[in-house]
Amino acid sequence: MSPEVITSLVTAYFASLQTMDQEQWLQNFTEDALIYDPVGNPPSRAIADADKFFGLLSMAFATLQLTQDSVFVVKNGAAVKWTMQATGKNGKQATAEGISIFEIDESGKIQQVSSYWDDAALMAQLKD
């Protein structure tokens, strides 16, 4: 698979998160894709758990801005160093940084995402 195809898929993943577009986001995944977000938490199933995931996003955040700081593509995978700027529903601002590892299957869909970041620290910044 070409680096351009993988980079385009990763960009679509982040863009759909940023706009909280569940339907667009789902198009990036295989039927059995797993997400470890963050690593250490039990995995979620991208397709089966999407409603819950996007429900939590829309409940917590007014806006999300995601920047792909660095993208490293090797064979059928990519590692992305990213930065997130979030505005909570209460108007408070928060920032987080992380690295996500993407495994892409032969059909050009995401098979697994493993994200390394401190979600608790982000949420603590948004507390009243």
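Quick note: the coordinates plus some simple rules give every number you see, no bench work behind them. The structure displayed is predicted, hence computed values, not measured ones. So basically every Cβ, Gly included, is an ideal-geometry build from the backbone, and we count neighbours across all protein chains shown.
Data overview
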quantity	calculated
Residue that is nearest to the chain's Cα centre (by Cα), among those in region 105-128 that are exposed (fewer than 13 other Cβ atoms within 10 Å of the Cβ) and of a type outside the set (Lys, Arg)	ASP118
Selected residue [farther than 22 Å from LEU126 by Cα, touching a residue at least 60 places away in the same chain (Cβ under 8 Å) and β-branched (Val, Ile, Thr)] from ILE47, ILE6	ILE6
Matching entry among ALA94, ALA33, ALA121 (being under 28 Å from SER2 (Cα atoms) and out of contact with any Phe, Trp or Tyr (no Cβ under 8 Å at 6 or more places or on another chain))	ALA33
Residue in region 41-100 that is farthest from THR11 (Cα to Cα), counting only those that are surrounded by 13 or more Cβ atoms within 10 Å (Cβ to Cβ) and charged (D, E, K, R)	LYS92
Helices (runs of 4 or more DSSP H) contained entirely in region 22-128, each with at least 1 residues that are among the small types (Gly, Ala, Ser)	50-60, 119-125
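Yes/no matrix, rows are residues, columns are (1) under 11 Å from the mean Cα position of the chain (by Cα); (2) under 26 Å from ALA94 (Cα atoms):
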position	(1), (2)
SER2	no, no
GLN18	yes, yes
LEU34	no, no
GLY40	no, yes
ARG45	no, no
ASP49	no, yes
THR63	no, yes
LEU66	yes, yes
LYS75	no, no
